[in-house]
Amino acid sequence: MIITTSVLQSLLQAIPILRSQVYFKSSLTALSHAMEDQVLAGSEQPLVIASFQRERFYRQEAHRYRRIAQQTPQVYVLAAPETEFKSSSEYHETVAFEPNDTLSQEWHLVVIGQTYTNCLICQERPSPILEVTNGEMDSSRRFEGIWTFDRTVSQKAAEILLNRIQSYRPELAAKIEQAKSQYLEDSSVVSAQLTQNSTSNLSLLDQAQSSANSDPFVQRLVTYLQAGQYKLLKAYRSIAAQGKKESLINSISNAIRRSLDPNAILEVAVQELGKALEASRCLIYRCKATDTTTIINHEFLKPPSKGDQPLVPTLGKIWPLQDNCLFQEVVQSGEPIYVEDTQTDPRINASNSTNKTGNPGSKTLHNLVQEFAIRSWLKVPLLYQGQLLGMLDIHHCGSQPYQWEKDELALVDAIATQVGVALIQAESYANLEDLNQQLEALDRTRSNLVAITGHELRTPLSTIQVCLESLASEPDMSLELRQVMLNTALADAERMRKLIQDFLTLSRLESGRVEWHPESLSLRECIDLALSNVCARRSEDERPSLSVQVPENLPLVKADGEWLVETIARLLDNACKFTSPQGEVKISIQTLDDSMIVVIIEDSGRGIEPNRLEAVFDRFYQEEGALRRTTGGTGLGLAICRQIVKGWGGKIWANSAGKDQGSQFYFTVPIIQTPKSKHSKARRKR
């Protein structure tokens, strides 16, 4: 059987003049022991009703109630069973109620004798510090209720409890009736007097208060316990706050140890800090002192309460920095800035009168406050050795300004320091990773260089040596054979010259020792020159068909003419090398915008695997390996093209559907900006 009605509420409804107050567990323990000791020390046979929330609480006092039961037959003990507690009449009357009964949240002790009465009726309240029912924080439990010596109140409380006991154990009806007759014979008369009129109510209340003060020692004892408990509660609050701070710092430290990814670190920090401070919004963003804007990538947003409008998120938005006077103030001072109330702060008020101040940055700040409903604002820099790495913003968006505590500010400052160190560590690790990748690339370059030069130099050199030795040792060789030997030696010498020339060219381009001579050029003329170069080196039977699709009236481009022809020629030569004579190589043009033209060299040849589209521009890249490829070359041609295109500020890239699907190479060339095109561009901006 479960009863959901509170005994305390029933008592307060029966006697409206009563006013409950708050007691700590230690105070109630002292009061209960004092009431039990009074029974044990006396000679009377009083009515004793004790209600324990749990069986384990009763077990601590069981020996005392067995002694009390030896003195009086009217003893009733109520508790929620946990192990062996059950309804019984062995030593005294035990009454077991369900764990989710209302009594599981209450603490009662009523003693009614012939010459004295005591009444303690309390209900537990949730602890604002820690919801713990036992353990280290058990003494911080709080109860709300009535403690009095008044006989009328005690009799009414006993009547409510006896009726509750009879509901749980109907077989005790006769014994309960006897207890009512013996100890509560005048309770109905007094209850009627209590509700008769307000004058009599005040009189009886005065009598109850006078009766409650009849034992000055007990009253002083309770006051002392209450005062001590408030001090303990304050200490517990401080300990809990310190624990929350340490837990937050530990969680961020663990995130740093688990990952050196700056984004993962910032995400953990912003979420944990926002929850710990119960902020409306918490932002962490990367920025430098010279940045004009940044993008918010890490945000904690407090979920809206029931009936409240959700806050506007900032995630993914562009956050102004140069026009934000608060940000500039933090950059200059290197210290946190706290705006308690954006509605009264002079910097925000100045932002609302932009026309008078003429400061567009003030308007930007005012717009931020309005758009994101910021009422209180804290900005803390993320610094490392005086260098600004980012910023931490905390917003409170309530209807009232938020007053920060010193402990909270210290916590935010500690977290900002921790995050700043973590970002430096992550960046150092990232730089180390980049350096390792560069070292690996250099090692691959060295290996490729050894393999390729060993093959490309040794093979023609061996051929030249054989041809020259034959010419020198065979004086009777026919003129026709001598000419073959000589032509072979000259061809391989040219092959070696081109290899060395490619090395020197790439070295000059990468070291920045090339002097560029940009000029206005006709792209069609450059393409024709490159085609002539390719056709001179490859006969019509050896190369695929070449086609040009260039529109008329192309705008002039700005580039170094010699290097532009070199780039087109190398890309055409590369396309012909990997395309069979039955295939096709096509040159076309696209206008990217008013500033760039895209040149496209497309072939129907071998194609490129999608995962190698970037690698083909690396130095010494050979898809088939240095020693088993079917085409000649050093693997430097595309690397040279990339350096040339970068020289005039363009981009180069490749595309292919895969093996034997052909390939397309693209590069951009800047257009000469004529007055007409500039005027057109400016008009579009307007």
The range 53-126: Rg to Rh, with Rh as the Kirkwood radius over Cα pairs: 0.97
Per-residue HN-Hα couplings for the range 557-563 [Karplus 6.51, -1.76, 1.60; θ = phi - 60°; Hz; x = Gly/Pro]: 10, 10, 6, 7, x, 4, 6
Residues whose placed amide H lies under 5 Å from that of L388, excluding near-sequence neighbours: A289
Mean separation of Cα contacts under 8 Å, 6 or more apart, over the residue count of the range 479-596: relative contact order %: 31
Three-way shape label, the range 550-595, alpha-carbon gyration tensor, a/c 1.5: oblate
Exposure rank, largest accessible area first [D345, D476, D291; 1.4 Å]: D476, D291, D345
Sites Q400 and E427 - FRET efficiency at Förster radius 56 Å, r taken between beta-carbons, to 0.05: 0.90
Distant-in-sequence amide H partners of E299 (H built 1.01 Å from N, under 5 Å): none
In order through the range 73-90: 3J(HN,Hα) via Karplus (6.51 cos²θ - 1.76 cosθ + 1.60), integer Hz, x for Gly, Pro: x, 9, 10, 10, 10, 10, 6, 7, x, 10, 10, 10, 5, 7, 5, 7, 10, 5
Inter-label distance for C535 and A472, nm, one decimal - labels placed 7 Å from Cα along Cα-to-Cβ: 4.3
Cα centroid of the range 62-106 to Cα centroid of the range 562-614, whole Å: 94
Separation between Cα centres of the range 510-556 and the range 462-476, rounded to whole Å: 40
Qualifying aspartates and glutamates (Cα of each under 13 Å from Cα of K363; at least 8 residues distant if same chain): D323, E371
Gain upon complete extension [T115, Q322; 0.36 nm per residue less C-alpha separation]: 66.2 nm
Residues D413 and H517, FRET efficiency given R0 of 45 Å [Cβ-Cβ distance, rounded to 0.05]: 0.20
The range 363-408: C-alpha gyration tensor shape, a/c 1.5 cut-off, then a/b vs b/c: oblate
Label-to-label distance, nm, for residues given as L504 and A264 (7 Å Cα→Cβ offset): 5.1
In sequence order, calculated HN-Hα J values of the range 307-324 (Karplus, 6.51, -1.76, 1.60; Hz; x Gly/Pro): x, 8, 6, x, 6, 6, x, 10, 4, x, 8, 7, 9, x, 10, 5, 8, 10
Given K25/K406; K498/K651; K275/K406; K86/K175, the pairs whose alpha carbons are separated by over 22 Å: K25/K406; K498/K651
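The values are calculated or read from the model by the stated rules, or taken from the named source; none is laboratory data. What you see is a predicted model, and the numbers here were worked out from it, not measured in a lab. Don't worry about glycine lacking a Cβ; one is built from the backbone with ideal geometry, like all the others, and counts go over all protein chains shown. Surface accessibility is based on the protein's heavy atoms, side chains included, excluding ligands, DNA and RNA. Shrake-Rupley method; radii C 1.70, N 1.55, O 1.52, S 1.80 Å.
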